[in-house]
1. Might you check whether a residue that is touching a residue at least 60 places away in the same chain (Cβ under 8 Å), away from chain B (no Cβ under 11 Å), over 28 Å from A:LEU29 (Cα atoms) and not small (Gly, Ala, Ser) occurs anywhere in the stretch A:164-171?
2. Does A:SER163 satisfy the condition of being closer than 27 Å to B:VAL28 by Cβ and either small (Gly, Ala, Ser) or touching a strand residue (DSSP E or B) at 6+ places or on another chain (Cβ under 6 Å) (or both)?
3. Which of the helices (runs of 4 or more DSSP H) found entirely inside the stretch A:1-114 contain at least 1 residues meeting this: at the interface with chain B (Cβ under 7 Å from one of its Cβ atoms) and in contact (Cβ under 8 Å) with a residue 12 or more places away in the chain?
4. On the given criteria, is A:ALA195 surrounded by 24 or more Cβ atoms within 10 Å (Cβ to Cβ), closer than 30 Å to B:TYR33 by Cβ and not charged (D, E, K, R)?
5. Only one of B:ARG177, B:ARG132, B:ARG137 is crowded, with 19+ Cβ neighbours inside 10 Å, more than 30 Å from A:VAL151 (Cβ to Cβ), at pLDDT below 80 and not aliphatic (A, V, I, L, M). Can you tell me which?
6. List, please: which pairs have Cβ atoms under 8 Å, are six or more places apart or on different chains, and start with a residue in the stretch B:238-258 that is more than 8 Å from chain A (Cβ to nearest Cβ) and end with one that is polar (S, T, N, Q) and not in a helix (DSSP H, G or I)?
7. Read through the list (1) crowded, with 24+ Cβ neighbours inside 10 Å; (2) more than 13 Å from A:LEU21 (Cβ to Cβ); (3) hydrophobic (A, V, I, L, M, F, W, C), then give the number of the only condition that B:ILE147 fails.
8. For residues that are among the aliphatic types (A, V, I, L, M) and over 17 Å from the mean Cα position of the chain (by Cα), tally how many sit in the stretch B:144-167.
Amino acid sequence: MEERKNNNIPRTLAGITVMVLGVLPFVSLLLWTVISRWSLSDPFPRSFTLSGWRYIVRSGDIPALFRVTGYAIAVALVSCALSLVSARTLAESRSRIAPFFEALFFFPALVPVLCMTLAVHQWAVWYVPSLMRLPMFSLYLFFSFPYAFRVIYSAYRGGIQASRETAAVLGANSWQTLFRVELPLIAPHVTIAFAFAFAVAYGQYIIEAFFLTGKHTVFSIRMAAFLESSNRTTAAVYTVFYIALGVCVVLLPAAAKRITADRGGLS
Amino acid sequence: MRNAAPQRLMFRALFLGPAVLLTAAPLVTGMAYALHGGGRNGLADLYALAALPLFRSSVLFSLCIALVTSVIASLSGAFLAYLFCEKIQGRLILAKVLVMLPYLAAASLAANAFGDSGLAAHLVKVFYPGLRTLGIRYHPLGLGVIITCLYKQIPFVFLTMAVVFFDIRKQFQETARTLGVGSWDMFWRVFLPLGRRPFAGVAILLFQFTLFSYEGFAFLGPSAPKGLGELLVLLYYSADAESKSLALTLCGIEFVFSLISAAALALVMLYGRKKEQ
């Protein structure tokens, strides 16, 4: 009895943490998309509005959101492709300098985004002022790549290497091994790597704030402006759109895999 | 046959080249520019930066916030991972979404939920009717910043440690349970010591992220003292050239600090691998 009580306390604490940090912010966010006034002295919301929804539709910011999403998808895809190539090569090599490359590829995750962006921005302003998009894209890749690499490299260091060696022993050539052994085995890891790389690129605020000032307007900067001006309703609607689209993209590879598996099952 | 080795080496260089270029080029450029720009006036800029009253308070404030959040996030994330590591196996997609969500708009979510008229304040008011304001946003002790950081970091620790703890659970849980060890004890005395290296690595990462982060400090932090990241932006965008030079000095300091963190993390990883071997 005593033991069960001891086991319940940590579970209750964990449940409270999950509720406070996981559920409450989303419930609050959804409520505030339709509430215009709910001061602390009122037990219930005093008035409701759809002004935030109306504003986002009329402002023309939804295409900006899709543009940002497309950009983050491109960054994530390039990160995954680079990670696949480099992880495969590193896993294959028994060289002594392999850990050096491993450390080099993971190092960007340790560099503060702000100071890296500031330094590269300063450099770009002086040397390539007309080509600002190039250093910007490389910065996005720089911060997304380590996460994708880490996931894919851990897969290569695990069971996949053994399967590759088995395939080679059984006479499969390098391409056959890649397409018929490695890629099917590595697919779940690639979807996770894609999700991580996408989330890092999609959630970047600093790079956009430094590189796209002036004639470009970026969604998260608009969102931050509403947040700073305490326009809670509009900020909530922008955040809901932002999160919803992000989640859709993160879940897309898994959904595609399930659909493909279902079709395969039927045939 | 004799040419196979150089050919293989060439192929490897060709395949690793783009990734090396991608990571090394911005790193070298950024680091060189920050250290050169920051050190252009020798140590004078460093002294000028240290003489700024806002700098000293910002360093202290950022260090405290980074320490508090990294300790709380590491421990609570690891504890959640210990409790739920078995449950997320096979539900990795759901776990992945839980980790991704806070990353997408942490500051906005935290400001909305824990701000003055957020749902958290209304819920607290049910229990304390006399409450006038929750006061988390712009709190002088940085409560808003801490909540934003925790909100972002706990899921990250959870997913990282869940994988580690799942392996430990398979090996040791039954033994520990037959010896009559409870949940708390099992976490403190079995799981945490066995997963100490990944745990230390995660804690170092979190400390480093928080110390120089921007969003939480800018949107929910007090107007003074500021976070180091916020101070950096403030100096960089000020009109006078001297402040810009100070910003680059601060940027150089941050680079040096991240090198130290990287060295610490590498040591933790290398030590772990040696032990494994």
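The values are calculated or read from the model by the stated rules, or taken from the named source; none is laboratory data. Bear in mind that the values here come from a model prediction, so they are computed numbers and not experimental data. Glycine gets a Cβ as well: all are built from the backbone with ideal geometry, and neighbour counts include every protein chain shown.
1. No, because not a single residue in the stretch A:164-171 is touching a residue at least 60 places away in the same chain (Cβ under 8 Å), away from chain B (no Cβ under 11 Å), over 28 Å from A:LEU29 (Cα atoms) and not small (Gly, Ala, Ser).
2. no
3. Numbers: elements: A:2-18, A:24-32, A:51-59, A:61-92, A:98-106.
Hits in the stretch A:1-114: A:24-32, A:61-92, A:98-106.
4. Numbers: surrounded by 24 or more Cβ atoms within 10 Å (Cβ to Cβ): yes; closer than 30 Å to B:TYR33 by Cβ: no; not charged (D, E, K, R): yes.
Judged against the criteria, A:ALA195 is not a match.
5. Values: B:ARG177 fails: crowded, with 19+ Cβ neighbours inside 10 Å; B:ARG132 fails: crowded, with 19+ Cβ neighbours inside 10 Å.
On inspection, the qualifying residue turns out to be B:ARG137.
6. Within 8 Å, the pairs are B:LYS244/B:SER238; B:SER245/B:ASN41.
7. It is condition (2) that B:ILE147 fails.
8. Of the residues in that region, 3 qualify.
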